Amino acid sequence: MRFAAFPLLPLLAACSLAGGFPSLAPRPAETPRALAAPGAGAAPTLSDDERRSLAADLLREGKALADAQAAIAEAAATLDRELARPDVARRGSAAWSDAQMQLSRLDVARLPLDDLRARLAPLRLLVDSLGADDPDRRAVERLAGEAAEAAMEAQRTLEAAGRVLGG
């Protein structure tokens with residue numbers, strides 16, 4: 001037994017020294033810290049240059065949406081007149097062929113909406129970090145929503161006409 005206690009003597013002696021063994025308390029590097037980014041807690045906003053650029057983009061894209069909606073409305077009205085013709089449902093008739101051509105024109109008229117929605121994507125990213133009540137964010141989301149609704153309406157018109165034409 002005396003032999004087994006011998007290895008413990010240096011350990012016990014170290015505990016009696018002033019410094020002793022290191023403490024088991026957490027070290028400063030082991031203590032969790034809360035880190036905050038500069039400006040954390042402040043509501044994000046756009047700079048004046050970003051705001052001016054966004055306003056110009058929204059004006060340009062709003063005009064593009066209005067132009068696309070006008071072209072779609074014109075093509076849809078012409079398509080409605082073609083679909084009202086007698087014999088339009090008979091495949092291969094002149095009325096059916098004319099309606100098919102107008103259906104294609106409507107499909108082409110809605111293509112600018114896809115381009116518009118693609119151009120709005122970076123604007124949506126720009127305002128994504130802004131608060132939900134921020135006027136810049138609301139303006140971008142409103143325009144994107146109008147473009148999406150116009151695209152869905154045009155798609156519904158195309159599908160309805162396709163059913164009339166037997167396709």
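Here's the yes/no breakdown for (1) free of Cβ contacts under 8 Å to residues at least 12 places away in the same chain; (2) farther than 19 Å from Ala151 by Cα; (3) out of contact with any Gly (no Cβ under 7 Å at 6 or more places or on another chain); (4) not in a helix (DSSP H, G or I):
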| residue | (1), (2), (3), (4) |
| --- | --- |
| Ala55 | yes, yes, yes, no |
| Glu74 | no, no, yes, no |
| Arg91 | no, yes, no, yes |
| Asp98 | no, yes, yes, no |
| Ser104 | yes, no, yes, no |
| Ala118 | yes, no, yes, no |
| Val140 | no, no, yes, no |
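Please enumerate the residues belonging to the range 71-100 that are of a type outside the set (S, T, N, Q) and out of contact with any helix residue (DSSP H, G or I) (no Cβ under 8 Å at 6 or more places or on another chain).
Those that are of a type outside the set (S, T, N, Q) and out of contact with any helix residue (DSSP H, G or I) (no Cβ under 8 Å at 6 or more places or on another chain): Ala73, Ala77, Asp80, Arg81, Ala84, Arg91, Gly92, Ala94, Trp96.
Within the range 121-140, can one find any residue that is at pLDDT 95 or above, more than 26 Å from the chain's Cα centre (by Cα) and surrounded by fewer than 19 Cβ atoms within 10 Å (Cβ to Cβ)?
Within the range 121-140, not a single residue is at pLDDT 95 or above, more than 26 Å from the chain's Cα centre (by Cα) and surrounded by fewer than 19 Cβ atoms within 10 Å (Cβ to Cβ).
Check off (1) surrounded by 12 or more Cβ atoms within 10 Å (Cβ to Cβ); (2) in a helix (DSSP H, G or I) for Arg156 and give me the number that stays unchecked.
The one condition Arg156 does not meet is (1).
Can you tell which of Gly145, Gly131 is farther than 12 Å from Gln69 by Cα and not in a helix (DSSP H, G or I)?
Exactly one residue qualifies, and that residue is Gly131.
The values are calculated or read from the model by the stated rules, or taken from the named source; none is laboratory data. These numbers come from a predicted model, not from an experiment. Neighbour counts are summed over all protein chains in view; Cβ atoms, including those assigned to glycine, are modelled from backbone coordinates with ideal geometry.
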